[in-house]
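The values are calculated or read from the model by the stated rules, or taken from the named source; none is laboratory data. Values in this document were obtained by computation on a predicted structure and should not be read as measured data. Every residue, glycine as well, gets a Cβ built from its backbone with ideal geometry; the counts of neighbours run over all protein chains shown.
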Amino acid sequence: MTEDQGAEGDYERGHGDLRIGHGDHSISSDHSAEITRLDETHYPVPDPGHPEHLPRLADVDPGAANRATRQVATFFGLVPLFAIAFGVVYFAVPGDSYFHFGPLRANARNLGLGVSFGLGLLCIGLGAVQWARTLMDDHEMVDYRHGAASAGEDKEYLITELQKTADEAQLTRRKVIGRSLLGALATIFLPMLIGLADLGPWPTKKKRAATIEATIWKEGIRLVHDVTYKPIKAADLEIGQLVNAEPENLKDLEGTAFLQAKAKAAIIIVRMNPNTIKIPDSRKDWQVGGILCYSKICTHVGCPISLWEQQTHHLLCPCHQSTFDLGDSGVVVFGPAARALPQLPITTDADGYLVARSGFTVPTGPSYFERDSRRDFKRGDN
Amino acid sequence: MAKPAEVVDVGPANEAVTPPKELGPVFKRAAPVTKWLDDRVGVAGLIRPLYRKVFPDHFSFLLGEIALYSFIVLLLSGVFLTLWFKPSMAEVDYQGSYQLLRGIKMSDAYASTLGLSFDVRGGLLLRQMHHWAAMLFVAAMLTHSLRIFFTGAFRRPREINWLIGVGMLVIGVFEGFMGYSLPDDLLSGTGLRFMDGAIRSTPIIGTWAEFFFFGGEFPGDLVVPRLYMLHILLLPALLLGLIAAHLALVVYHKHTQFAGPGKTEANVVGYPVFPVYAAKAGGFFFIVFGVVTLMGALMQINPVWVFGPYNPGEVTAGSQPDWYMGFAEGAIRIMPGPGFEWHIGATTWSWNIFIPLALPMALLFGGMAIYPFLEAWVTGDKSEHHILERPRNNPTRTALGVAAMTWYAMLWIGGGNDLVATQFHVSLNAVTWVLRIAVFVAPVLAFLLTKRICIGLQRSDHERLLHGAETGVIERSPAGRFSERHRTISVGEQYLLTQHKEPYPLAPVASDDGEFTEKEIKAEQRRRRATRFYFLDALRKPTKAELEAAIEHQHHLAAAIHGDGHDGHDGHDGHDGHGNGHGNGHATAGHELTADAGDDEHTQFGTESEHMAP
């Protein structure tokens with residue numbers, strides 16, 4: 001018989017004759033004598049009381065006590081030495097010296113300061129704990145608890161006084177004072193809330209169109225390397241190659257504007273064999289001989305995506321591992337992203353450099369409530 | 001207790017009764033100063049109730065202390081860092097002493113963090129200490145809360161303190177997140193980018209929250225100063241206030257204690273604040289401080305100079321938040337995206353981000369917050385509890401706790417699914433899929449397993465009570481049987497193993513005398529179902545009669561072991577059989593005792609005489 005069956009069986013057996021509070025199953029007399037607590041369980045062993053106090057070695061052996069004293073004093077006595085060592089390291093060790101220990105390498109100043117200060121602190125702590133454990137009186141003491149509730153007399157006092165003071169303040173007779181005060185206190189917070197309305201610009205339709213829905217891409221903007229800003233020739237790209245790129249006009253921006261523009265406009269350019277990928281009819285002219293360009297900003301929470309699997313045409317986001325199929329208009333094949341990567345229509349200019357045919361047709365980056373996602377590419381679109 | 005000092009106006013008649021005690025040289029010197037202070041603020045009266053206050057001793061009580069002390073280390077090291085850190089996103093040309101980044105454009109925040117790391121002596125140490133202390137702070141709070149949970153210390157009257165603790169845990173997690181977002185390096189910027197995407201995806205209010213938080217479009221130039229204010233002013237102030245309330249309540253309730261001889265619900269046994277706890281706790285503060293300092297010296301953390309300044313077009317593979325954000329990160333990662341974003345008209349509902357971010361947080365912190373009230377509802381136990389429960393004696397609670405830990409662990413592993421994949425050479429997709437399933441299945445398995453382990457431990461307690469402790473002495477009876485001699489355990493241990501309160505599983509309400517409305521009966525039925533879920537499988541401890549009979553039997557065995565033919569192996573070579581007997585949810589001790597204890601089987605349900613009082 002397994003224990004589960006046992007429990008079940010008992011339960012079934014009990015089920016039949018049990019009634020709440022009915023006689024047959026009350027505690028039998030020999031047990032009721034043992035009940036000391038309210039919930040009527042039984043306590044077969046009475047509390048034997050505090051165990052005998054056993055002396056420690058240092059309580060009975062003066063040698064051990066002296067030894068402990070020396071240990072404690074040594075711990076405390078080392079502290080000034082560590083403090084001095086800290087000062088020496090601080091002023092004497094140059095910041096560019098390194099300490100080598102096998103394969104490990106540590107900045108000597110950081111190491112010296114930390115080890116001297118840390119050991120000094122540790123010595124105070126170890127000395128104090130050793131003192132308490134070996135030498136301080138270790139007879140346990142007993143405190144008695146009081147219930148958490150306040151004494152009944154206190155409660156009664158407060159209730160009567162509350163009533164009395166409410167009368168004294170005339171609150172009970174002139175209720176309008178209390179009510180209007182409550183109203184006043186409630187509404188005075190309003191100005192504080194209103195004062196927060198300028199925390200940021202309001203994302204109205206117009207504001208959104210100018211900010212999170214706009215990139216600096218437009219027709220004719222050259223695609224350039226993201227570090228060197230060199231324009232990219234279609235002929236220079238090999239099949240399987242991925243290039244991180246930016247719009248050429250990004251370099252005109254600085255500071256915050258630069259970061260904000262880059263956070264939306266960053267792109268990747270890939271060249272794939274046009275015969276092994278799906279190019280929907282609606283996007284036939286968005287690419288140049290298998291060279292496709294996608295937003296680099298993940299549609300999940302906005303990390304820049306860059307892990308490229310050449311053979312499968314998959315692009316993996318290093319933050320949350322959303323995987324997009326660049327051979328199928330950037331649809332999601334795995335992970336937490338839900339929307340395809342926006343594709344940038346590109347062509348070549350007279351010199352053979354890659355340029356944008358237009359800006360992005362949908363907003364790049366993570367989703368938001370007011371985003372109209374009807375024009376995003378879905379698997380199976382054509 | 002700010003009682004005004006009593007006016008010192010002792011008449012000469014009183015003076016004659018007790019001659020003043022001779023003071024030592026230190027006290028003599030301190031006397032005028034303390035008198036000056038006492039005359040003004042009545043220090044003696046303030047200190048007196050606390051001075052010899054008793055605190056019980058147990059290693060697990062140190063977890064909360066670690067949290068407190070690491071918070072103090074955070075305050076100290078944080079103040080040091082503010083002397084040099086510049087919370088500004090203004091662009092500067094780095095010209096500090098770290099050559100690899102010289103001439104690169106970066107924010108002032110990042111440049112000043114580099115300055116702290118390379119040019120301010122001790123700056124790197126303090127930065128690393130601050131970061132390690134933050135890791136430790138949250139870890140200590142979490143493990144402290146586990147100790148509280150598994151020992152039932154959250155029960156009345158400590159529910160409010162439990163809620164304060166949950167509040168501090170939440171604040172601590174966000175405080176940490178904001179802290180590591182400040183340096184504005186590539187890693188912390190990526191964290192902010194995530195925060196931006198997550199805020200933005202909130203249904204309906206997302207863009208408003210984003211624009212208000214960042215002061216416009218990401219990244220803007222306001223978010224670092226704003227996070228700085230929250231990180232060094234608002235949240236620490238909140239934490240300090242909550243810590244004060246937390247400790248005040250500990251003092252008021254007096255600390256819980258583990259069960260043992262002499263320890264009751266009405267007393268607290270331990271050492272006084274002075275001198276023992278002052279030395280132990282004070283010393284432990286220095287130990288925590290010292291260990292954090294050594295960590296800052298010996299273990300590199302967040303080497304921001306390696307990552308470079310934030311650049312929205314770059315990210316490093318293997319980016320990870322600090323550990324306490326791992327579970328939220330994991331939920332985000334293992335959430336499947338397709339199908340969880342609705343496009344309705346011109347709106348986008350991004351459940352693929354909102355659900356995994358908000359739901360685990362709500363489940364974890366919300367679940368922690370309501371649990372004490374849930375359990376109190378189940379047990380109907382309204383009494384105060386000061387004796388801690390042994391986790392095994394509440395198998396269902398313990399199992400629920402381990403299930404929650406397992407769930408957290410699955411999410412947490414998910415936060416590093418890419419590293420699991422690369423380190424163990426397995427497919428990332430497979431890891432993710434396993435976790436997607438494990439996050440639901442593993443907690444259930446953990447629940448079942450833990451419950452069984454607890455009941456097994458309860459059974460081993462029974463074994464010690466009823467059969468005694470194993471001595472390792474093997475004896476051979478004249479009949480040729482081998483058995484192990486058992487020793488009756490001490491009365492102290494017997495008490496320890498039997499002192500706990502046993503809540504009962506309740507049978508469904510069957511009385512129908514029209515006293516209660518249908519709704520009340522339904523509510524009571526729900527509660528009773530919950531009590532059966534909680535307590536039906538738990539082992540009942542033996543009754544007094546069983547225990548006495550068992551101990552008598554043990555003595556009898558000990559006496560008879562060399563005797564004449566009375567079988568010494570009676571109760572001792574059949575432990576397996578006994579084990580099953582114990583699993584029935586009631587406390588019959590085994591076949592040799594059933595004759596005595598047969599009447600007691602009612603203890604499973606029958607003792608409930610409480611009426612269903614609404």
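B:GLN95 meets each of the listed conditions (1) closer than 17 Å to B:PRO303 by Cβ; (2) surrounded by fewer than 17 Cβ atoms within 10 Å (Cβ to Cβ); (3) not aliphatic (A, V, I, L, M) apart from (1).
For B:TYR324, state whether it is more than 9 Å from every other protein chain (Cβ to nearest Cβ), among the hydroxyl-bearing types (Ser, Thr, Tyr) and either under 29 Å from B:THR406 (Cα atoms) or not in a loop (DSSP other than H, G, I, E, B) (or both).
Values: more than 9 Å from every other protein chain (Cβ to nearest Cβ): yes; among the hydroxyl-bearing types (Ser, Thr, Tyr): yes; either under 29 Å from B:THR406 (Cα atoms) or not in a loop (DSSP other than H, G, I, E, B) (or both): yes.
So B:TYR324 passes the test.
Search the stretch B:510-533 for residues being of a type in the set (Val, Ile, Thr) and part of a helix (DSSP H, G or I), and hand back the single one that is modelled with the highest pLDDT. Reasoning before the result, please.
The first filter runs over the stretch B:510-533 and keeps only residues of a type in the set (Val, Ile, Thr), leaving B:517, B:521, B:531.
Applying the additional criterion that residues be part of a helix (DSSP H, G or I) yields B:521, B:531.
On the way: B:ILE521: 88, B:THR531: 94.
Only one residue tops the list, namely B:THR531.
Only a single item in (1) farther than 30 Å from A:PHE99 by Cα; (2) facing chain A (nearest Cβ under 10 Å) is not met by B:LEU364, and it is number (2). Close Cβ contacts (under 8 Å, 6 or more residues apart or on different chains) running from residues in the stretch B:400-415 that are within 17 Å of B:TRP433 (Cβ to Cβ) to residues that are of a type in the set (Lys, Arg) and surrounded by 22 or more Cβ atoms within 10 Å (Cβ to Cβ) comprise B:GLY414/B:ARG333; B:GLY415/B:ARG333.
Going by the conditions given, is B:ALA153 small (Gly, Ala, Ser), more than 12 Å from chain A (Cβ to nearest Cβ) and in a loop (DSSP other than H, G, I, E, B)?
On the way: small (Gly, Ala, Ser): yes; more than 12 Å from chain A (Cβ to nearest Cβ): yes; in a loop (DSSP other than H, G, I, E, B): yes.
So B:ALA153 passes the test.
Selection of the stretch B:471-511 for residues being over 23 Å from B:LYS541 (Cα atoms), within 14 Å of chain A (Cβ to nearest Cβ) and either over 40 Å from the mean Cα position of the chain (by Cα) or free of Cβ contacts under 8 Å to residues at least 12 places away in the same chain (or both) yields B:ALA510, B:SER511. Among the candidates B:VAL304, B:VAL268, B:VAL315, single out the residue that is within 13 Å of B:GLY191 (Cα to Cα) and touching a strand residue (DSSP E or B) at 6+ places or on another chain (Cβ under 6 Å). Only one candidate passes the filter, namely B:VAL315. Listed by first and then second residue, the pairs linking a residue in the stretch A:131-147 that is facing another protein chain (nearest Cβ under 7 Å) and closer than 22 Å to A:LEU54 by Cβ to a residue that is among the small types (Gly, Ala, Ser) and in a loop (DSSP other than H, G, I, E, B), with Cβ atoms under 8 Å apart and 6 or more places separating them unless they lie on different chains, are A:VAL142/B:GLY262. Restricting attention to the stretch A:117-129, does a residue exist that is over 21 Å from B:GLY290 (Cβ atoms) and buried (at least 17 other Cβ atoms within 10 Å of the Cβ)? Scanning the stretch A:117-129, I find no residue that is over 21 Å from B:GLY290 (Cβ atoms) and buried (at least 17 other Cβ atoms within 10 Å of the Cβ), so the answer is no. When the stretch B:187-238 is limited to residues that are buried (at least 20 other Cβ atoms within 10 Å of the Cβ), aliphatic (A, V, I, L, M) and farther than 19 Å from A:ASP198 by Cα, the one that is nearest to the other protein chains (Cβ to nearest Cβ) turns out to be B:ALA198.
Checking each residue in the stretch B:355-368 for being touching a residue at least 40 places away in the same chain (Cβ under 8 Å) and surrounded by 17 or more Cβ atoms within 10 Å (Cβ to Cβ) picks out B:LEU357, B:PRO360, B:LEU364, B:MET368. Of all the residues in the stretch A:274-329, those that are in contact (Cβ under 8 Å) with a residue 24 or more places away in the chain, surrounded by fewer than 24 Cβ atoms within 10 Å (Cβ to Cβ), among the hydroxyl-bearing types (Ser, Thr, Tyr) and outside any loop (DSSP other than H, G, I, E, B) number 2.
Taking the stretch A:356-375 as the search range and keeping residues that are away from chain B (no Cβ under 14 Å) and assigned to a loop (DSSP other than H, G, I, E, B), which one is nearest to A:GLY302 (Cα to Cα)? Give the derivation first.
Step one: filter the stretch A:356-375 for residues away from chain B (no Cβ under 14 Å), giving A:356-361.
Applying the additional criterion that residues be assigned to a loop (DSSP other than H, G, I, E, B) yields A:357-361.
On the way: A:ARG357: 24, A:SER358: 22, A:GLY359: 19, A:PHE360: 16, A:THR361: 18 Å.
Result: A:PHE360.
Among the residues of the stretch B:319-352, the one identified as among the acidic types (Asp, Glu), buried (at least 20 other Cβ atoms within 10 Å of the Cβ) and touching a residue at least 40 places away in the same chain (Cβ under 8 Å) is B:GLU329. Taken over the stretch A:328-354, the criterion of being more than 9 Å from chain B (Cβ to nearest Cβ) and touching a helix residue (DSSP H, G or I) at 6+ places or on another chain (Cβ under 9 Å) is satisfied by A:SER329, A:ALA340, A:LEU341, A:GLN343, A:LEU344, A:PRO345, A:ILE346, A:THR347, A:THR348, A:GLY352, A:TYR353, A:LEU354.
Taking A:LEU292 as the residue in question, decide whether it is more than 20 Å from A:GLY380 (Cβ to Cβ) and in contact with a helix residue (DSSP H, G or I) (Cβ under 7 Å, 6 or more places away or on another chain). Considered against the rule, which asks whether it is more than 20 Å from A:GLY380 (Cβ to Cβ) and in contact with a helix residue (DSSP H, G or I) (Cβ under 7 Å, 6 or more places away or on another chain), A:LEU292 comes out as no. Quick test of your reading of the structure: B:GLU314 fulfils all but one of (1) over 30 Å from A:PHE369 (Cβ atoms); (2) within 11 Å of chain A (Cβ to nearest Cβ); (3) in contact with a Pro (Cβ under 8 Å, 6 or more places away or on another chain). Name the failing condition by number. Going through (1) over 30 Å from A:PHE369 (Cβ atoms); (2) within 11 Å of chain A (Cβ to nearest Cβ); (3) in contact with a Pro (Cβ under 8 Å, 6 or more places away or on another chain) one by one, B:GLU314 breaks only (1).
Quick one: is B:LEU187 more than 19 Å from B:PHE71 (Cα to Cα) and either touching a helix residue (DSSP H, G or I) at 6+ places or on another chain (Cβ under 6 Å) or of a type in the set (A, V, I, L, M) (or both)?
Details: more than 19 Å from B:PHE71 (Cα to Cα): yes; either touching a helix residue (DSSP H, G or I) at 6+ places or on another chain (Cβ under 6 Å) or of a type in the set (A, V, I, L, M) (or both): yes.
Considered against the rule, which asks whether it is more than 19 Å from B:PHE71 (Cα to Cα) and either touching a helix residue (DSSP H, G or I) at 6+ places or on another chain (Cβ under 6 Å) or of a type in the set (A, V, I, L, M) (or both), B:LEU187 comes out as yes.
Number of residues in the stretch B:92-123 that are touching a residue at least 60 places away in the same chain (Cβ under 8 Å) and among the hydrophobic types (A, V, I, L, M, F, W, C): the value is 7.
In the stretch A:77-91, which residue that is away from chain B (no Cβ under 11 Å) and surrounded by 15 or more Cβ atoms within 10 Å (Cβ to Cβ) is nearest to A:ALA58 (Cα to Cα)? Ranking the candidates gives A:LEU78 first.
Within the stretch B:338-353, is there a residue that is of a type in the set (Asp, Glu) and over 21 Å from A:SER373 (Cα atoms)? Scanning the stretch B:338-353 turns up no residue that is of a type in the set (Asp, Glu) and over 21 Å from A:SER373 (Cα atoms).
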